[in-house]
Amino acid sequence: QVQLVESGGGWVQPGGSLRLSCAASGSIFRINAMGWYRQAPGKQRELVAVIPTGRSTNYADSVKGRFTISRDNANNMVYLQMNSLKPEDTAVYYCNADITRSVISAPRTYWGQGTQVTVSS
């Protein structure tokens with residue numbers, strides 16, 4: 001079994017900051033790309049940021065310059081530092097990872113359960 005568990009969500013005023021964490025655990029041979037998605041009420045889930053195995057990162061245009069994704073490969077963690085938060089950032093944020101469970105397995109995509117981020121005054 002593989003689990004992704006997010007933490008760090010909550011309520012913050014506009015202009016504030018939050019840091020989300022996601023821990024991958026279980027039977028893991030290799031973690032490939034990791035990322036964060038979000039889903040606001042009545043909207044489709046959208047990509048926020050992704051970090052492949054190298055140092056490159058990709059961000060949605062709406063969060064560029066405000067959010068930073070990073071990962072700790074030794075501990076199977078991925079983080080999302082969110083600064084200058086806006087009300088439109090309010091959503092459930094999901095951790096996502098492409099994980100290979102053994103040397104003979106094909107990679108699969110796993111999702112966390114989500115963590116709520118609310119930005120309001």
Open item on the list: I'd like the full set of residues that are under 13 Å from the mean Cα position of the chain (by Cα) and either small (Gly, Ala, Ser) or over 30 Å from PHE29 (Cα atoms) (or both), limited to region 64-99.
Closed with: SER70, ALA91, ALA97
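Residue-by-condition table, conditions (1) within 12 Å of TYR79 (Cβ to Cβ); (2) touching a residue at least 60 places away in the same chain (Cβ under 8 Å):
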residue: GLY9; (1), (2): no, yes
residue: GLY15; (1), (2): no, yes
residue: LEU20; (1), (2): yes, yes
residue: ALA24; (1), (2): no, yes
residue: SER27; (1), (2): no, yes
residue: ARG30; (1), (2): no, yes
residue: ARG38; (1), (2): no, yes
residue: LYS43; (1), (2): no, no
residue: LEU47; (1), (2): no, no
Task: Selection count, region 9-53, where residues are closer than 15 Å to ARG71 by Cβ and not in a strand (DSSP E or B) - done: 3
TODO: Just give me the residues in region 12-25 being closer than 12 Å to ASP89 by Cβ, among the hydrophobic types (A, V, I, L, M, F, W, C) and surrounded by fewer than 19 Cβ atoms within 10 Å (Cβ to Cβ), in sequence order.
DONE: VAL12
Open item on the list: I'd like to verify a number: residues in region 80-121 that are in a strand (DSSP E or B), of a type outside the set (D, E, K, R) and out of contact with any Pro (no Cβ under 7 Å at 6 or more places or on another chain), how many?
Closed with: 17
Open item on the list: Which numbered condition in (1) closer than 20 Å to GLY15 by Cβ; (2) open to solvent by 50 Å² or more (accessible area, probe 1.4 Å) is the only one that ASN75 fails?
Closed with: (1)
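Yes or no, residue by residue, for (1) open to solvent by less than 70 Å² (accessible area, probe 1.4 Å); (2) closer than 22 Å to PRO107 by Cβ; (3) modelled with pLDDT under 95:
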{"position": "SER27", "(1), (2), (3)": "yes, yes, yes"}
{"position": "VAL48", "(1), (2), (3)": "yes, yes, no"}
{"position": "ALA60", "(1), (2), (3)": "yes, no, no"}
{"position": "VAL63", "(1), (2), (3)": "yes, no, no"}
{"position": "ILE69", "(1), (2), (3)": "yes, yes, no"}
Open item on the list: If I ask for residues that are among the aliphatic types (A, V, I, L, M) and either over 15 Å from the mean Cα position of the chain (by Cα) or closer than 28 Å to ARG101 by Cβ (or both), which ones from region 1-31 would you list?
Closed with: VAL2, LEU4, VAL5, VAL12, LEU20, ALA23, ALA24, ILE28, ILE31
- [ ] Filter region 92-121 down to the residues that are among the aliphatic types (A, V, I, L, M) and in contact with a Gly (Cβ under 9 Å, 6 or more places away or on another chain), then identify the one that is most open to solvent (accessible area, probe 1.4 Å).
- [x] VAL92
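The values are calculated or read from the model by the stated rules, or taken from the named source; none is laboratory data. No experiment lies behind these values; they were computed from the predicted model shown. In this analysis, Cβ positions are derived from the backbone assuming ideal geometry, glycine residues included, and neighbour counts consider all displayed protein chains. Ligands, DNA and RNA are stripped out before the accessible areas are found, and what is left, the full protein with its side chains, is counted by its heavy atoms. Shrake-Rupley method; radii C 1.70, N 1.55, O 1.52, S 1.80 Å.
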